[in-house]
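A.B. asks: Before anything else, here's the structure in question.
FYI, it's all coordinate maths here, none of it is from the lab. For clarity, every value in this text was computed on a predicted model and none was experimentally measured. Please note: Cβ atoms are built from the backbone with ideal geometry, for glycine as well, and neighbour counts cover all protein chains shown.
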Amino acid sequence: MAGGIDSFPLLAVPFFILAGNLMNSAGITNRIYDFAAASAGWMRGGLAQVNIIGSMIFAGMSGTAIADAAGLGTIEIKAMKDHGYDTEFAVGVTAASATLGPIIPPSLPFVIYGMMANVSIGALFLGGVVPGLFMMACMMGYVYYCARRYGMGRDQAFNLRVLGVTFVAAFPALLTPAIIIGGMTFGWFTPTEAAIAACAWALMLGVLLYRTMSWKQFYKVTMDTIETTAGVLLIVAAASLFGWVLTTTQLTEAGAAALLQLTDNKYVILLLINLLLLLVGCFLEPVASISILVPVLMPIITKVGIDPVHFGVVMTLNLMIGLLHPPLGMVLFVLSRISKLSIERTTMAILPWLIPLLGSLIAITLIPELVLWLPRVFGMLK
């Protein structure tokens with residue numbers, strides 16, 4: 001167990017968690033939301049489109065779906081309800097857009113997967129960019145369809161001056177993804193150092209530029225980060241022991257052989273693995289699922305020629321969809337509390353949004369180049 005967490009890449013975990021918590025506490029979410037509203041509020045179903053764009057921007061800073069749902073979700077659901085949107089619709093779009101958090105880099109699940117599967121975390125981060133944009137386009141298309149069907153209008157007129165003012169206010173926060181991805185792409189720092197840079201930048205924004213963070217807030221954020229990190233790393237440590245047992249008893253090889261006797265078609269195997277992950281995602285937290293299942297599934301995907309970077313993105317997306325489901329979907333519980341809806345009503349509100357999410361999952365599974373193109377462009381993959 002000690003050996004399982006004695007890993008340099010795992011140092012990125014507490015720092016990415018801290019960066020997301022700092023962003024939430026420093027008032028950065030409000031500036032991101034104002035800029036997204038000025039950018040997309042004029043479209044049909046305007047605030048729903050704003051919800052998706054805001055989540056995509058925030059995803060480039062927090063790296064977790066929970067931070068996205070808890071941070072931006074509070075602002076977005078209240079604004080949509082104030083503009084006359086149905087509460088269930090507001091909760092559904094917020095839940096769906098929160099899945100972008102771990103797909104758009106930086107991403108906490110990518111760090112855990114990269115460490116467990118011995119895959120470049122930088123390549124995983126770059127591999128998530130195009131799928132994240134593709135998912136955003138699918139969700140915005142679904143909002144447009146709903147807006148046409150139910151007669152939703154535009155929530156505000158387009159105003160170039162307001163767009164400029166909100167862009168200037170949000171620009172320092174918008175630099176965060178550029179610092180993280182740019183720094184890793186050009187070799188200035190490792191993923192772990194990128195996480196530290198994100199924390200330093202968030203602190204500068206909250207303390208020096210926006211002046212919205214007090215020492216009391218910083219102490220609370222630090223304690224929350226320690227608590228979350230302890231839970232995550234305990235899961236990883238226990239899963240390392242589980243992986244060692246699987247390896248020494250050769251259960252992984254037996255499982256791989258049994259599946260390959262059924263079929264050696266990589267797309268059929270991907271379909272079967274997708275079904276397994278969607279089921280597991282309903283019951284297990286993503287970090288636990290990745291830590292437990294990667295040692296089991298890696299021998300299978302290696303033998304049938306599936307790229308591990310492509311598989312990492314597919315696996316993470318499956319588990320993010322699982323976060324929206326009962327009985328243990330954490331995003332489900334967060335949004336139920338924020339919106340003051342019952343778990344049953346929150347679940348029913350989310351169900352229609354599985355259409356664009358599962359559509360995106362099918363496309364990303366069947367078209368590996370959506371994931372692999374950008375890492376190849378930057379020379380991180382052959």
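A.B. asks: Set Lys and Arg Cβ to +1 and Asp and Glu Cβ to -1, take the dipole of the chain about its Cα centre, and tell me which of 45, 131, 18 lies farthest positive.
C.D. replies: Farthest along the dipole direction, towards plus: 45.
A.B. asks: With point charges of +1 on the Cβ of Lys and Arg and -1 on the Cβ of Asp and Glu, referenced to the Cα centre of the chain, which listed residue (355, 8, 254) lies farthest in the positive direction of the dipole?
C.D. replies: 355
A.B. asks: OK, next. From the P(r) of segment 254-382, could you give the percentage of C-alpha pairs in the tail past 20 Å? Spell out each step's value before the answer.
C.D. replies: Working: 4165 of 8256 pairs.
The proportion of pairs with Cα distances above 20 Å equals 50 percent.
A.B. asks: Give me the base-10 log of I(q)/I(0) for segment 85-157 at each q in 0.22 Å⁻¹, Debye formula, one uniform scatterer per Cα, rounded to two decimals.
C.D. replies: Relative scattering, expressed as log10 I(q)/I(0), comes to -0.95.
A.B. asks: Along the charge dipole of segment 70-217, Cβ charges K/R +1 and D/E -1, which of 217, 192, 108 sits furthest on the positive end?
C.D. replies: Most positive-ward Cα: 217.
A.B. asks: What are the membrane-span-like helices in the chain by this rule: whole DSSP H runs, Cα extent along the axis at least 30 Å, mean Kyte-Doolittle hydropathy at least -0.5? All intermediate terms of the calculation are to be shown ahead of the outcome.
C.D. replies: Numbers: long enough: 129-150 (32 Å, 0.85); 160-185 (34 Å, 1.73); 215-248 (49 Å, 0.84).
Helices meeting the span and hydropathy rule in the chain are 129-150, 160-185, 215-248.
A.B. asks: While we're on this one: If we count other beta carbons within 10 Å of each Cβ, what is the order of 125, 171, 283, fewest first?
C.D. replies: Numbers: 125 27, 171 11, 283 14.
Going from least to most buried by this count: 171, 283, 125.
A.B. asks: Using the Cα gyration tensor of segment 194-336, with a ≥ b ≥ c the square roots of its eigenvalues, what is the shape: rounded (a/c below 1.5), prolate (a/b larger than b/c) or oblate (neither)? Present the calculation step by step, with values, prior to reporting the outcome.
C.D. replies: Numbers: a/c = 2.36, a/b = 2.22, b/c = 1.06.
Judged from the Cα gyration tensor, segment 194-336 comes out prolate (a/c at least 1.5, a/b above b/c).
A.B. asks: Peptides 108-116, 267-275, 21-29, 298-306: what's the order by average Cβ count within 10 Å, highest mean first? Walk me through the numbers before you get to the answer.
C.D. replies: On the way: 108-116: 26.9, 267-275: 16.0, 21-29: 24.1, 298-306: 17.7.
Descending mean neighbour count gives 108-116, 21-29, 298-306, 267-275.
A.B. asks: A further question on this structure: If every alpha-carbon in segment 204-284 counts as one equal scatterer, what log10 I(q)/I(0) does Debye give at q = 0.13 1/Å?
C.D. replies: -0.70
A.B. asks: Please report, in cubic angstrom per residue, the volume enclosed by the convex hull of the alpha-carbon atoms of segment 164-258. Numbers along the way, then the final one.
C.D. replies: Working: hull volume 16.4 nm³, N = 95.
It is 172 Å³ per residue.
A.B. asks: About its Cα centre, how strong a charge dipole does segment 244-358 have in debye, to the nearest 20, once Lys and Arg get +1 and Asp and Glu get -1 at the Cβ?
C.D. replies: Details: 5 positive and 5 negative charges, 68 e Å.
Magnitude of the dipole: close to 320 debye.
A.B. asks: Here's something else I'd like to know. Could you work out the Rg to Rh ratio of segment 327-382, with Rh taken as the Kirkwood radius (inverse of the mean 1/r over all Cα pairs)?
C.D. replies: On the way: Rg = 17.2 Å, Rh = 13.9 Å.
In segment 327-382, Rg relative to Rh is 1.24.
A.B. asks: Let me ask something else about it. Segment 289-382: which chymotrypsin sites (Phe, Trp or Tyr not before Pro) are DSSP loop and have at most 15 other beta-carbon atoms within 10 angstrom? Don't skip to the end; give the middle numbers.
C.D. replies: Values: sites: 311, 333, 353, 373, 378; in loops: 378.
Listed in order of number, the matching sites are 378.
A.B. asks: Tell me, what are the semi-axes, in whole angstrom and largest first, of the equivalent ellipsoid of segment 121-163 as set by the roots of 5 times the Cα gyration tensor eigenvalues? Could you put the intermediate results ahead of the total?
C.D. replies: Working: eigenvalues 179, 64, 5 Å².
With the √(5λ) rule applied to segment 121-163, the semi-axes are 30, 18, 5 Å.
A.B. asks: Evaluate the charge dipole of the chain about its Cα centre and quote only its size in Debye, nearest 20, assuming +1 on the Cβ of each Lys and Arg and -1 on the Cβ of each Asp and Glu.
C.D. replies: Working: 18 positive and 17 negative charges, 159 e Å.
Dipole magnitude for the chain comes out near 760 debye.
A.B. asks: For segment 174-316, give the magnitude of the charge dipole about the Cα centre (Cβ charges: +1 Lys/Arg, -1 Asp/Glu; no others), in debye to the nearest 20. Mind dumping the intermediate values first?
C.D. replies: Numbers: 5 positive and 7 negative charges, 65 e Å.
Dipole about the Cα centre, nearest 20: 320 debye.
A.B. asks: Can I ask one more? Can you give the Rg to Rh ratio for the chain, taking only C-alpha atoms and Rh from Kirkwood? Write out the running numbers ahead of the final one.
C.D. replies: Working: Rg = 20.2 Å, Rh = 21.0 Å.
Across the chain, the Cα-based Rg/Rh ratio is 0.96.
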